[in-house]
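Undergrad: Here it is: the structure, laid out below.
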Amino acid sequence: MIRTLIFGAIAGYVGKKLYDEGKLTEFKNDLVTRYNDAKTSLADERATADTSPLVTSAGAINRPLPN
């Protein structure tokens, strides 16, 4: 438990220094850009996808055969 607290304190200290120097802003902007790109491409895929229901034979596997 002490190791976890020490590691957390070091991570917090280093993170604060990086934040103060503005180095985390570039990382955040990159993540936001990737998220928006992924959201846009997902919306495009949904818009172009066929809206008919998907029919599979998976349900037939669990049904008993008629006698």
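Undergrad: Given the Cα-Cα distance of Arg46 and Lys28 and 0.36 nm per residue of separation, how much length would full extension add, in nm?
TA: 3.8 nm
Undergrad: Moving on to the next point. Might you work out the accessible area of Tyr35 for me, using a 1.4 Å probe with all protein chains in place, and round it to the nearest 10 Å²?
TA: Probe radius 1.4 Å; accessible area of Tyr35 about 140 Å².
Undergrad: Apply the Karplus parameterisation 6.51 cos²θ - 1.76 cosθ + 1.60, with θ equal to phi minus 60°, to every residue of the stretch 32-39 and state each ³J(HN,Hα) to the nearest whole Hz, in sequence, with x for glycine and proline.
TA: 5, 5, 5, 4, 5, 5, 5, 5
Undergrad: Rg and Dmax of the stretch 1-48, Cα atoms, in Å?
TA: 17.5, 54
The values are calculated or read from the model by the stated rules, or taken from the named source; none is laboratory data. Note that the structure is a prediction, hence the values are computed from the model and not measured. For the accessible areas, the whole protein counts, side chains as well, though only heavy atoms, and no ligand, DNA or RNA atoms are used. Shrake-Rupley method; radii C 1.70, N 1.55, O 1.52, S 1.80 Å.
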